[in-house]
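Undergrad: The following block contains the structure, expressed as structure tokens.
The values are calculated or read from the model by the stated rules, or taken from the named source; none is laboratory data. Just so it is clear, the structure is predicted and the values come from calculations on it, not from any experiment. When we count neighbours, we look across all protein chains shown, and the Cβ atoms used for this are built from the backbone with ideal geometry, even at glycine. Just the protein is used for accessible areas: all its heavy atoms, side chains included, with ligands, DNA and RNA removed. Shrake-Rupley method; radii C 1.70, N 1.55, O 1.52, S 1.80 Å.
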Amino acid sequence: VDSFHVGSPKALVAFNALNLSAVMVLVGCALAAWRRLTDRGERAVQTFREDWVPLLLLASVAATGLMLTASSRLLH
């Protein structure tokens, strides 16, 4: 078991790991959406149900997680 001070850089990383992961997921979703919009091969074979719905669900879960963190910090 590891212990660290609450104000240390290690604590900052540990407490914000999910936020960092959510930002990376949102960047990945944006890149995937960009590829789906610009690549002719992708546009030819994609369907809304199989390509866009999972991407939008993943982005919405990551965004709402970030909103929970923002509301808890802003509203205390």
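Undergrad: Between (1) 14.7; (2) 16.9; (3) 12.9, which matches Kirkwood radius over Cα pairs in Å calculated for the structure shown?
TA: (1)
Undergrad: Moving on. Taking only protein heavy atoms and a 1.4 Å probe, what accessible area per residue, in Å², does the chain have with all protein chains in place?
TA: 81
Undergrad: Express in whole angstrom the spacing between the alpha-carbon centres of the range 43-59 and the range 8-38.
TA: A separation of 19 Å, based on Cα centres.
Undergrad: Which order, highest average first, do 63-75, 1-13 follow once you tally other Cβ atoms within 10 Å for each residue and take the mean per peptide?
TA: Details: 63-75: 11.1, 1-13: 8.4.
In decreasing order of mean packing, 63-75, 1-13 become 63-75, 1-13.
Undergrad: Run the numbers for HIS76 and LEU31: contour at 0.36 nm per residue of separation, minus the present Cα-Cα distance, in nm.
TA: Working: separation 45, 0.36 × 45 = 16.20 nm, distance 3.33 nm.
Between HIS76 and LEU31, full extension yields 12.9 nm more.
Undergrad: Follow-up question, since we're still on this one. Before anything else, pin down the relative contact order of the chain: Cα pairs under 8 Å, at least 6 apart, normalised by residue count, whole percent.
TA: That works out to 35 percent.
Undergrad: Return the sequence-ordered ³J(HN,Hα) values of the range 26-34 in whole Hz as given by the Karplus equation 6.51 cos²θ - 1.76 cosθ + 1.60 applied to θ = phi - 60°, using x for Gly and Pro.
TA: In residue order, the calculated couplings are 5, 5, x, 5, 5, 5, 5, 5, 4 Hz.
Undergrad: Let me ask something else. Taking the Cα centre of the chain as the origin, how large is its charge dipole in debye, to the nearest 20, when only Lys and Arg (+1) and Asp and Glu (-1) carry charge on their Cβ atoms?
TA: In debye, rounded to 20, the chain gives about 140.
Undergrad: Follow-up. With θ set to phi - 60° and the Karplus curve 6.51 cos²θ - 1.76 cosθ + 1.60, what are the ³J(HN,Hα) couplings of the range 61-76 in order, to the nearest whole Hz, using x for Gly and Pro?
TA: Whole-Hz 3J(HN,Hα) from phi for the range 61-76: 5, 5, 5, 5, x, 5, 5, 5, 5, 5, 5, 5, 7, 7, 9, 6.
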